[in-house]
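The block underneath contains the structure these notes are about, expressed in structure tokens.
Values quoted throughout were computed directly from the atomic coordinates according to the rules given, and no laboratory measurement underlies them. A quick note: this is a predicted structure, and the numbers were derived from the prediction, not measured. Ideal geometry is used to build each Cβ from the backbone, glycine not excepted, and the neighbour counts take in all protein chains shown.
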Amino acid sequence: MNENAQLELKNVTTVYGKNKMLLDVSLKIPNSRCACLLGSNGSGKSTLIKAILGLVNITEGKIFFEGKDITSQKTHRAVRQGIAIVPEGKRIFPKMNLLENLKMGAFTEKDKNAIEERYETVFQHFPILKDRLHQIAGTLSGGEQSMLSIGRGLMCAPKLMIFDEPSLGLAPVLVQQTFDIIRKINDSGVTVFLVEQNAHMSLNISDLGYFLQKGQIIASGTTEELKDSEVIREAYFG
């Protein structure tokens, strides 16, 4: 086990029915780094996230977080250990106001002072949210809902943040802003696992990456190595 690896998957295989959704997947994300997972729809990216969060059955292999075996543990335990997920499609609570949405991100924390400090961290990244705490979340613009979804993830004081397709459904200018925020979060010391189809943006802000195809890792390396990879060039850049 690499002592510097905050998250590590070792030869992970998952099965849905009779189909193997992930096959012998291994990857490492060093502490405080940003890693991206590239792949098209149906490549197994969502299954890999679910495996980390204990939402699918792992038939072979192990998953480690900070050196501890977390294979198939319950999702709430992963959150308590410092793993946050910013889900695909934002998935905010549209009938709740902003403050209530943010509180949901800190559901495992009982210390009111700690929660207040986390609010301030969120507002440092997204000052606009501070002025709209009592606004119903469903009335926000798409970009503001994206901010709220990320802010909710920050409320659990994560050591590792998993971003599932953060560019999905956003206008190009908002995609750039979102990736800038992800980079800032990583720069603050939070390890980032960026699961995306947007290879260009992902490779530009990540330190290393993996390319998943039909449930298998077929390319990996530093982002500079992946930019020069024939497999990545053919898949994304023609």
Listed by chain and number, the residues whose amide H is under 5 Å from that of SER26, excluding neighbours fewer than 5 places away on the same chain and using placed H, are ASN11, VAL12, ILE217
May I ask you to evaluate 6.51 cos²θ - 1.76 cosθ + 1.60, the Karplus curve with θ = phi - 60°, for each residue of the range 105-112 and list the ³J(HN,Hα) values in order in whole Hz, giving x for glycine and proline? x, 10, 5, 8, 9, 9, 6, 5
Name the most mobile residue of LYS214, LYS227, LYS18, meaning the one with the largest mean-square fluctuation, in a Gaussian network model of the chain with Cα contacts below 10 Å. LYS18
With the contact rule set at Cα under 8 Å and sequence spacing of 6 or more, what percent relative contact order holds for the chain? 26 percent
Pick from GLY209, GLY221, GLY153 the residue whose mean-square fluctuation is largest in a GNM of the chain, springs joining Cα atoms under 10 Å. GLY221
Expressed in nanometres to one decimal, the distance between label points 7 Å along Cα→Cβ at LEU55 and GLU224 is 3.6 nm
Could you state the angle between the C-alpha long axis of helix 142-154 and the longest principal axis of the C-alpha atoms of the chain, as a value from 0 to 90 degrees rounded to the nearest 10? 80 degrees
Check CYS34: other-chain or 5+ apart residues with amide H under 5 Å from its amide H, H built from backbone geometry? VAL192, ASP207, LEU208
Sorted on mean Cβ neighbours within 10 Å (highest first), peptides 94-106, 28-40 come out as 28-40, 94-106
What does the charge dipole of the chain about its Cα centre add up to, to the nearest 20 debye, if the Cβ of each Lys and Arg holds +1 and the Cβ of each Asp and Glu holds -1? 820 debye
Mind listing the phi-derived Karplus ³J(HN,Hα) values for the range 156-167, rounded to whole Hz, using 6.51, -1.76 and 1.60 with θ = phi - 60°, and x for any glycine or proline? 8, 6, x, 8, 10, 10, 9, 9, 9, 6, x, 7
How much length, in nm to one decimal, is gained on full extension between ASN204 and ILE128, taken as 0.36 nm per residue of separation minus their Cα-Cα distance? 24.7 nm
With angles folded into 0 to 90 degrees, how steeply does helix 172-187 sit against the dominant principal axis of the chain? Use alpha carbons for both and round to 10. 90 degrees
Here the range 195-209 yields Karplus 3J(HN,Hα) values (6.51, -1.76, 1.60; θ = phi - 60°; whole Hz; Gly and Pro given as x) of 9, 8, 9, 6, 5, 4, 5, 4, 5, 6, 10, 9, 8, 8, x
Full extension from GLU116 to ILE136: what is 0.36 nm times the residue separation minus their Cα-Cα distance, to one decimal in nm? 5.1 nm
Most mobile of ILE83, ILE115, ILE150 in a GNM of the chain (Cα contacts under 10 Å): ILE115
Using a Cα-Cα cut-off of under 19 Å, which lysines could be cross-linked to LYS50, ignoring same-chain neighbours fewer than 8 residues away? LYS10, LYS18, LYS20, LYS28, LYS62, LYS68, LYS74, LYS90, LYS159, LYS214
Long-range amide H partners of GLN213, meaning residues 5 or more apart or on another chain whose placed amide H is closer than 5 Å, are ILE218
Provide the percentage of antiparallel DSSP beta bridges, counting only those with both residues in the chain; round to the nearest 5. 55 percent
What is the pair-distance distribution P(r) of the chain, computed from all Cα-Cα distances in 5 Å bins starting at 0, with each bin given as a whole percent? 1, 7, 14, 18, 20, 17, 12, 7, 3, 1, 0
